[in-house]
Amino acid sequence: MIVVTDVHKRYQTDHGLGLWVLKGVNLTIPRNVNVGLVGCNGAGKSTLLRIIGGVDQPNKGIVQRTCRVSWPMGYGGGLQGSLSGRQNAKFVCRIHGYTSHADLQDRLQYIKDFAQLGESFDEPVKTYSSGMKSRLQFALSLAIEFDVYISDEVTAAGDASFTNKAAAAFKGLADKAGLIMVSHGEATLKQFCQSGIWLNQGQAHWFEKIDDALVAYKESLPQ
Amino acid sequence: MATRSPWQVMWSVWSALFLREALARLFSSRGAWAWLLLEPIFHIAYLVIIFTIIRVHYVSGFDTGLWIVVGLLAYFTFERASGQTANAINANKSLFSYRQVQPIDSMVVRAFLEVLLLSVVAIVIFSAAAMLEHDVLPHDPFELFLAIFGLWLLALGWGLVRAVLHDLVPELEIVLNFIMKPMYIISGVMVPLASIPLPYRDWLLYNPVAHGVEAARAGFSATYHPVSGLSVSYLFAFALVLFFTGLLLMRRFAVRLVTA
């Protein structure tokens, strides 16, 4: 379960503090339900996902996680350019508890195969193309076992065969673990999610059914 | 997978960070590991040669060469460990996007790695000294250990405080840099504190690093007469106060430190 209590967020800009993006978000997200996050551009969807995933911190309020929650899938901030793909992958596996030699080798093999990096797996990440980097990031997110995965508009870049593989893996995730996702595709949301969160003017509204969230979202749009 | 206890999480983060830091320090560029070890070795050898050839052979009951070696190694423990700790946040900012990794983790790991690297330097230097028939066995290993540990704790505390200050007010880094410049001289690394007249000697003894350096020498040689007023408790009191002040600051500014 993820409990978000009174989360406020605004960003520091060059001209001082920006406007409040989130103004007191309160949510309780159960563990085994797939949730779609809807709202217009700039409503704070990505911000909320980043805060839930722990890669950003709220200015006020707290997020409590009683299960293992992923970082936003495909998030690239945690890769170090001077280290190789393998070294980066090892680090991420180790901090997530895959410490035994067998576990580690198993995960590394999975990541190497899934990301289709071949020999480049042992080259520094800074030499990777953007496609290679995002394949590695996506593979890393998949390799670690979480109870809830967070996905921000995940359209894993790459060639056609990788995109198909990624989509299949994503479906697999949606079946076995919880999912909190942002997507502008209505069909995608309906395919993966049961429940929905509608973000509007810094507040979050919970809907048991994703269809209701989509209706509320659409009604709020200017005609 | 079962949920891990906080201690298990911390331990796996520390070991992962340790391997990562060691890799980055030792193999980031061609022969990086060799320079890392040679730099302090040359620094020490340089001073030892200058002092033993130009100056006296004994500093109040201590082989001059070893007096310099022990003093410099003790001083390096403070200087290098505090520098590494203070830079830890900036160097590892991207890692804090993983919830498991906290700034304090990278600091502790870096300070530990630095001591480990210095131990290798110490082993090389003492082996060389032993081959030149110097007496390299410390007479009171525990006292020596205590002095080095005190300096390390002080370095960690100072590094913590410095890292937070640097994050809050970047300009302070410049000021602190020139305040800390004379540290090398006023810690009695090259000049025996005992030879400095009163009341100035007592002023220098407000500096906890001077206590650590002298205590390390006293632990090393049975015949050495350290400066009167030497107090290992002062070093530890200073170190603990700094350390907990640092922890307090880290706690207070935890969110600020991990957001870019």
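Roughly what % antiparallel, to the nearest 5, for the DSSP beta bridges in the range A:120-223?
In the range A:120-223, DSSP labels about 50 percent of beta bridges as antiparallel.
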task: Would you list which aspartates and glutamates come within 15 Å of B:Lys181, measuring only between C-alpha atoms, while excluding same-chain residues fewer than 8 positions from it?
output: B:Glu79, B:Glu173
statement: Placing +1 on each Lys and Arg Cβ and -1 on each Asp and Glu Cβ in chain A, then taking the dipole about the Cα centre, the residue among A:Ser195, A:Gly118, A:Val148 whose Cα reaches farthest towards the positive end is A:Val148
statement: Scan of chain B for GluC sites (Glu not before Pro) in DSSP loops with at most 15 other beta-carbon atoms within 10 Å gives a longest site-free stretch of B:1-132
message: Suppose each label sits 7 Å from its Cα in the direction of the beta carbon; what would the A:Ser220-A:Asn200 distance come out to in nanometres?
response: 0.6 nm
query: Which values of log₁₀ I(q)/I(0), to two decimal places, follow from the Debye formula for the range A:64-179 at q = 0.13, 0.21 Å⁻¹ with a uniform point scatterer at every Cα?
result: -0.46, -1.25
- request: Could you work out the per residue convex hull volume over the alpha carbons of the range B:220-260, in cubic angstrom?
  value: 102 Å³
- prompt: Tell me, what is the FRET efficiency for A:Asp122 and B:Trp7 to the nearest 0.05, using R0 = 35 angstrom and their Cβ-Cβ distance as r?
  reply: 0.60
query: In the calculated pair distance distribution of the range A:142-223, what percentage of Cα-Cα distances lie above 20 Å?
result: 39 percent
statement: Ranking A:Leu22, B:Ile50, A:Ala102 by how far each Cα lies towards the positive end of the charge dipole of the protein assembly as shown (+1 on Lys and Arg Cβ, -1 on Asp and Glu Cβ), the top one is A:Leu22
- line: Taking Rh as the Kirkwood radius computed over alpha-carbon pairs of chain B and applying Stokes-Einstein at 25 °C with viscosity 0.890 mPa s, one gets a diffusion coefficient in µm² s⁻¹ of 126 µm²/s
- prompt: Helix-derived [θ] at 222 nm for the protein assembly as shown: sum -39500 (n - 2.57) over DSSP H runs of at least 4, divide by residue count, nearest 500?
  reply: -18500 deg cm²/dmol
- request: Give me the distance between the Cα centres of the range A:36-85 and the range B:144-190, rounded to whole Å.
  value: 35 Å
query: By how many nm would the segment from A:Lys171 to A:Asp211 lengthen if fully extended, with 0.36 nm per residue of separation less the alpha-carbon distance?
result: 12.4 nm
statement: note: the range B:83-128, Cα-Cα separations exceeding 16 Å make up a percent value of 46 percent
task: Would you work out the charge dipole size for the range B:1-129 about its Cα centre, treating the Cβ of every Lys and Arg as +1 and the Cβ of every Asp and Glu as -1, and quote it to the nearest 20 debye?
output: 400 debye
- request: Quantify how much of the Cα-Cα distance distribution of the range B:25-168 extends past 22 Å, in percent.
  value: 47 percent
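As a footprinting exposure proxy, order A:Ile150, B:Ile49 by other Cβ within 10 Å, with the fewest listed first.
B:Ile49, A:Ile150
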- prompt: Over all Cα pairs of the protein assembly as shown, how is the pair count split among 10 Å bins, expressed in % and running from 0 up to the last occupied bin?
  reply: 4, 17, 23, 21, 15, 11, 7, 3, 1, 0
task: Just tell me which lysines come within less than 27 Å, Cα to Cα, of A:Lys218; anything on the same chain fewer than 8 places away is out.
output: A:Lys9, A:Lys23, A:Lys45, A:Lys171, A:Lys190, A:Lys209
query: In chain A, how does Rg compare with the Kirkwood Rh, expressed as the Rg/Rh ratio over alpha carbon atoms?
result: 0.98
- request: Could you pull out every one of the aspartates and glutamates with an alpha carbon less than 19 Å from that of A:Lys112, ignoring same-chain neighbours closer than 8 positions?
  value: A:Asp103, A:Asp122, A:Glu123, A:Glu145, A:Asp159
query: Each label point is 7 Å from the Cα along the Cα-to-Cβ direction; what then is the distance between the points at B:Leu132 and B:Leu248, in nm?
result: 4.6 nm
query: What does the charge dipole of the range A:22-120 about its Cα centre add up to, to the nearest 20 debye, if the Cβ of each Lys and Arg holds +1 and the Cβ of each Asp and Glu holds -1?
result: 360 debye
query: If you take the charge dipole of the protein assembly as shown about its Cα centre, with +1 on Lys and Arg Cβ and -1 on Asp and Glu Cβ, which of A:Trp206, A:Gly81, B:Ser228 is farthest toward its positive end?
result: A:Trp206
- line: Quick calc, the protein assembly as shown, dipole around Cα centre from Cβ unit charges on Lys, Arg (+) and Asp, Glu (-), nearest 20 debye, gives 880 debye
- line: Each label sits 7 Å from Cα toward the beta-carbon; between A:Met1 and B:Val169 the label points are separated, in nm, by 4.5 nm
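Values quoted throughout were computed directly from the atomic coordinates according to the rules given, and no laboratory measurement underlies them. Predicted model, so just to flag it, every value in this text is computed and none were measured. Note: ideal-geometry Cβ built from the backbone for every residue, glycine included; neighbour counts use all protein chains shown.
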